[in-house]
1. Scan the range 339-384 for residues that are touching a helix residue (DSSP H, G or I) at 6+ places or on another chain (Cβ under 8 Å), modelled with pLDDT under 75 and more than 27 Å from S196 (Cβ to Cβ) and jot them down.
2. When R80 is evaluated against the numbered criteria (1) touching a residue at least 12 places away in the same chain (Cβ under 8 Å); (2) open to solvent by 60 Å² or more (accessible area, probe 1.4 Å); (3) of a type outside the set (D, E), which criterion, by number, is the only one it fails?
3. Only one of T130, T104 is open to solvent by 60 Å² or more (accessible area, probe 1.4 Å), within 26 Å of F227 (Cβ to Cβ) and at pLDDT 95 or above. Can you tell me which?
4. Mind checking which residues of the range 280-298 are among the small types (G, A, S) and open to solvent by 30 Å² or more (accessible area, probe 1.4 Å)?
5. Testing I313 on (1) open to solvent by 80 Å² or more (accessible area, probe 1.4 Å); (2) of a type in the set (V, I, T); (3) within 19 Å of L242 (Cα to Cα), one condition comes back false. Which one is that?
6. Only one of (1) over 29 Å from L16 (Cα atoms); (2) part of a helix (DSSP H, G or I) is not met by R354, so which one is it?
7. Give just the number: which of (1) closer than 27 Å to M25 by Cβ; (2) crowded, with 17+ Cβ neighbours inside 10 Å; (3) modelled with pLDDT under 95 does L226 not satisfy?
Amino acid sequence: MNNDFSLDLASVSKELKFIFEILKMRNDSSKVLEKIPTDINWVHFLELVKHHRLYPLIYSILKKSNVKLIPSYIIQSLYREYKANTFQMLHLSAEMEQISKLFTENKIRLLFLKGPVIAHELYGDISLRTSKDLDIIIQMSDLKKTEELLLSFGYEREENPTLLREWKWRHHHVTYFHPQRKIQIEIHWRLNPFPSKEPSFNKLWDGKRLSMLTTYPVYFLGEEDLFLYLISHGSRHGWFRLRWLTDIDQMIRNGLCMKRIILLINKYQYHRIGGQAFILASQLLYTPIDEKLSKLTLGQYSRKLASESLSFIKEMSDFQSPKKYMQSLKTNQQKVLSLLISFYPRYMDSLTLRLPKPIHFLYFPLRPFLLIWRKMRKVVLPSR
C-alpha cells in the first residue's frame, strides 16, 4: 500500500486554493496576506466563499489582517453576508429554545443535530457558522405527536407521497416550514438513511450534552456521536460544501477522545467515510490526524472517495448524489440490503401504472416490469 497518497490539486483554481490557505491560518491571520495569489479573480473568490457557506468564517479572519490589500468591495460584501447570517442564527436560536420548551413540556425527548448549538460549541460564536434550518432527532414513536405539535404551532408539513406507507424506513426525516417565521425544521428519527448502522435514540440520549447557549435547556449530541454524524452527513453529500469539512477540522483541533472515536468507527463500520474525511481535512486544511486514525487514510476506497469529493468541491454546484458514488460509500452488507430494498414498490410506480388501492400489493411483482418500461421510454418521474 502506498502511504504517500496525495490529492491531485493541479486543477483546483487559485481562488479555491487561497480559501484553503485562509482556513489553515485562521489562528494566525497575519500570514494570510502572504498567500494572496497574483492576478486573483476576486469575483470568483467571493462566489466560492458564498457557495461553500464560509463567508462568516472568512470575514472574521480577513478583518483581522491588513484589509488594504484586499478590495474593499470584497470585505464589504463579506460583512453584509456575515451580518445577515448573525441575525439568521439569532432567529434560529430563539426558535430552537421555543421548540425545546414546547417538546419538553409535552414529554417528547429531542436532540438538536446541527444549527446554532454546534456553531456555539465548535466555534464559540454562533455568527461564525451558517445554518439554513433546525435539525432535530426524536424517537420514531413520537412522530405523530410531534407532527400534531408542530402543526398547532403554525408549521406546515412538506408533502412526501408514498405508496405503501414505507416512508418511515425508506426516509430518515420529514420537513416542516413555518410560513410566518420563515423557519424550516427537519424532524429526524434516524441520523442517516437506512440501511446504515447507527446508535439508537436511547444511546444518543444517554450521551447528550446541555447547550450553554440558551436559558431554557437545549440538548444536543455527545461529542463523539456528533463527530461521527458530521462525517456521515458530509460524505453523503460528497463534501461539496467546505463548511462541513471545517467543522471536522475544528472538532479535531478542539480535542477528541480518539479511543472512543475508533471504537465507534469500528462498531458502525465508518472506515471508508472516516478515511475519506481525514484525507480531505488533512490535505486541504492541514488538520492534524491522530496516528491511529491516519491508518484509515490508507484504504483504497477512502482514497477514491476523497478524490471524487474533491471534484464535487471544485464544481461549485449543488450535489446531485451520483449513484456510483453513493454505492461506494456502502459496505457490502449495506449494498445487499439496498438491492433488496430496490424491489420494494415506490410512489413513482403508482404514477406509471395506477391500480385501485385494494390491489396495491400487485406493485411488488410488477415493479421490475415498471422499472424496465420507464427506462425503455426514458420516462422521468418524481422520485418521492
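1. If the condition is that a residue be touching a helix residue (DSSP H, G or I) at 6+ places or on another chain (Cβ under 8 Å), modelled with pLDDT under 75 and more than 27 Å from S196 (Cβ to Cβ), then V379 is the only one that fits.
2. Answer for R80: the failing condition is (1).
3. Working: T130 fails: open to solvent by 60 Å² or more (accessible area, probe 1.4 Å).
Selected residue: T104, the only one of T130, T104 that is open to solvent by 60 Å² or more (accessible area, probe 1.4 Å), within 26 Å of F227 (Cβ to Cβ) and at pLDDT 95 or above.
4. Result: S282, S294.
5. Of everything listed in (1) open to solvent by 80 Å² or more (accessible area, probe 1.4 Å); (2) of a type in the set (V, I, T); (3) within 19 Å of L242 (Cα to Cα), I313 misses just condition (1).
6. Failed condition: (2).
7. All conditions are met except number (3).
Yes/no matrix, rows are residues, columns are (1) farther than 30 Å from L298 by Cα; (2) open to solvent by 80 Å² or more (accessible area, probe 1.4 Å); (3) at pLDDT 90 or above; (4) not in a loop (DSSP other than H, G, I, E, B):
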| site | (1), (2), (3), (4) |
| --- | --- |
| L7 | no, no, yes, no |
| E34 | yes, yes, no, yes |
| S60 | yes, no, yes, yes |
| T86 | yes, no, yes, yes |
| L90 | yes, yes, yes, yes |
| S93 | yes, no, yes, yes |
| S100 | yes, no, yes, yes |
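The values are calculated or read from the model by the stated rules, or taken from the named source; none is laboratory data. Fair warning: this is a prediction, and the values are worked out from it, not measured in the lab. Here Cβ is always computed from backbone atoms with ideal geometry, including for glycine, and neighbour counts include all displayed protein chains. All accessible areas refer to the heavy atoms of the entire protein, side chains included, with ligands and DNA or RNA removed. Shrake-Rupley method; radii C 1.70, N 1.55, O 1.52, S 1.80 Å.
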